[in-house]
1. Restricting to helices (runs of 4 or more DSSP H) lying wholly in the stretch 208-291: which have 2 or more residues that are more than 38 Å from the chain's Cα centre (by Cα) and of a type outside the set (Lys, Arg)?
2. For the stretch 563-570, indicate whether the set of residues that are in contact with a Pro (Cβ under 9 Å, 6 or more places away or on another chain), of a type in the set (A, V, I, L, M, F, W, C), under 27 Å from Leu155 (Cβ atoms) and part of a helix (DSSP H, G or I) is non-empty.
3. Taking the stated definitions as given, is Ala51 closer than 11 Å to Ile92 by Cβ, crowded, with 18+ Cβ neighbours inside 10 Å and touching a Pro at 6+ places or on another chain (Cβ under 7 Å)?
4. When Ala238 is evaluated against the numbered criteria (1) closer than 30 Å to Val124 by Cα; (2) in the same structural domain as Leu207 (by TED's automatic domain parsing); (3) surrounded by 13 or more Cβ atoms within 10 Å (Cβ to Cβ), which criterion, by number, is the only one it fails?
5. Please go through the stretch 467-506 and pick out each residue that is assigned to a helix (DSSP H, G or I), under 30 Å from Arg521 (Cβ atoms) and in contact (Cβ under 8 Å) with a residue 24 or more places away in the chain.
6. Name the residues in the stretch 335-366 that are surrounded by fewer than 17 Cβ atoms within 10 Å (Cβ to Cβ) and within 20 Å of Pro295 (Cβ to Cβ), would you?
7. If I go through the stretch 510-525 residue by residue, how many of them are in a helix (DSSP H, G or I) and touching a residue at least 24 places away in the same chain (Cβ under 8 Å)?
Amino acid sequence: MNLYTHFRTRLLGVLETLLEQGVLPNGDLFDAVSVEPPRDPSHGDMAINAAMVLAKPAKMKPRDLAQKITELLLAEDEVDKAEIAGPGFINITITPSSWHKVVEAALDEKRPYGVSTMGQGQKVNVEFVSANPTGPMHVGHCRGAVFGDALASLLSFAGYDVTREYYINDAGAQVDVLARSAHLRYLEALGEEIGDIPEGLYPGDYLKPVGQKLADQYGDQFKGAEESEWLETIRDVAIEAMMEMIREDLAALNIRFDSFFSERSLKQGDPNLIAQAIAEMREKGLIYEGTLPPPKGKLPDDWDPREQTLFKATNFGDDVDRALAKADGSHTYFAADIAYHGDKFKRGFNHMIDVMGADHAGYIKRMKAAVKAFSEGEAELDVKICQLVRLLRGGKPVKMSKRSGTFITLREVVEEVGPDVVRFIMLHRKNDASLDFDFDKVQEQSKDNPVFYVQYAHARIHSVLYRKIPDAFPQMELNKINSQAEDLSLLTDEGELALIKRLAQYPRIVEQAAKTHEPHRIAFYLYDLAADLHTQWNRGIEKPDLRFINTDNRKLTGARAMLIKAIGTTLASGLGILGVEPLNEMR
């Protein structure tokens, strides 16, 4: 149950009445009408913009139209009060029984609270991480991994058919460097003294097991051999080993993919998918042979223009047309990306989301232009950028890693603080804002640590429901009572109503977060809901009659038990979207 959607439906009924009366000329603008929480809670329960949106086509002053709308709204049995504010906004106050229905909805076992049908089963491809298979995952990958996984869960919760996909960058020069690095460790495993790792190769100890595996499998077959004799074989073994390591790193964060797509399959397949994609775009008139102007900062005299195969990116919103072939005739990375996204489209994905690092921000326009072009506007691409993570300990930067030799690995972070802490902290900040991750602060047991604050709220609720209430009322079996059996009308305290009002926002927050592809909204909401719970708890310390357990009043305790059970269910639901386990006790 989305209470705001429910009242918007009631409002649309009012507007249809005005349409029938001839007050409104047509219903074309009804989609722009909204019902949402007011910025200032003192203004009422819900704010309505209908008069502001519809006054001009109705040829009326907004306040005059608002007056007609409020008169009809007041006739609704769930509306307690309707007032006009400012130039024509309408604020309504709904009946207490309407709020109590939120608690019932949150505890309805037939339909999980907050689940939406907004997506209508549309297929969505969420591609994230997609790190080069050259070593263990580092903390920079960690943020994109958590964000992408939570976004996929959020979209599934909102009714989309989601595929989590990893694009394996296994066709560039970096995997040849990996092969050479693994070959060096292979020689080491055979007993050779390799000395310091040469500059340009990967120095981490994580390649030692790969070298040993090669030695066990091939003996001294590649010792003293020319690079051309071993490069491909060792590259394949090393990539497979690195991908297994990456899968294990991601599993430590409870992240698993539905699909892995190899970049090499674009170039080595029959037919060559990149050449095929370029041919298809050429048939559509999207490609031409021409020259580009000098890049920004270069004078014409410093620029040597040459004829290239170019994509008409400027026709689709980009700043400049883009090259699809290099000087040596090989395809550009952009050409490979076009083929890859074209393959997604052919697999039935009209909705694509790419989660990328901060260094890919300049790639957004060209990729959006390409998707728009080859799909003829049928597909849409959203690129979400995850900014850098700065690791701190007591406010001081942490840089060195024992495992990688150069950077802190994802596994090292998870092993120290746990996957739940990592996931929640990574999501409790907007993805395109930089993030400080302080090992000391994220383990604090304080309000300033959001993951602790939310987990503590859930643990408090569990303690009240399954330890303290049974002690106070042995005959009260919480698994058997339900919200319909309890008298929720007893929930009249301002703090209790504030909790219910926050609870009512959850379905709306889910849909907003899914629509904007922003899972951090769920994390923010959970923190606010936990804060409301802790506030009411503290009020009970000062005023015993407000405590969740009233030993002199079984009915009131039952009603409050349903309220906090609904809150606990919602906290668990939101944490589930974020991939965080709701704790029943804190240690």
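1. In the stretch 208-291, 208-218, 227-251 are the helices (runs of 4 or more DSSP H) which contain 2 or more residues that are more than 38 Å from the chain's Cα centre (by Cα) and of a type outside the set (Lys, Arg).
2. No, the stretch 563-570 contains no residue that is in contact with a Pro (Cβ under 9 Å, 6 or more places away or on another chain), of a type in the set (A, V, I, L, M, F, W, C), under 27 Å from Leu155 (Cβ atoms) and part of a helix (DSSP H, G or I).
3. Working: closer than 11 Å to Ile92 by Cβ: no; crowded, with 18+ Cβ neighbours inside 10 Å: yes; touching a Pro at 6+ places or on another chain (Cβ under 7 Å): yes.
No; evaluated as a whole, the condition is false for this residue.
4. Tallying (1) closer than 30 Å to Val124 by Cα; (2) in the same structural domain as Leu207 (by TED's automatic domain parsing); (3) surrounded by 13 or more Cβ atoms within 10 Å (Cβ to Cβ), Ala238 fails exactly one: (1).
5. Leu488, Gly495, Glu496, Leu497, Ala498, Leu499, Ile500, Lys501, Arg502, Leu503, Ala504, Tyr506, listed by residue number.
6. The answer is Asp359, His360, Ala361, Gly362, Tyr363.
7. Qualifying residue count, the stretch 510-525: 10.
Okay, residues lined up against (1) within 30 Å of Ser116 (Cβ to Cβ); (2) modelled with pLDDT of 95 or more; (3) touching a Cys at 6+ places or on another chain (Cβ under 6 Å):
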residue: Phe147; (1), (2), (3): yes, yes, yes
residue: Leu154; (1), (2), (3): yes, yes, no
residue: Asp161; (1), (2), (3): yes, yes, no
residue: Ala173; (1), (2), (3): no, no, no
residue: Leu187; (1), (2), (3): no, yes, no
residue: Leu190; (1), (2), (3): no, yes, no
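The values are calculated or read from the model by the stated rules, or taken from the named source; none is laboratory data. Just so you know, these numbers come straight off a predicted model, no measurement behind them. Here Cβ is always computed from backbone atoms with ideal geometry, including for glycine, and neighbour counts include all displayed protein chains.
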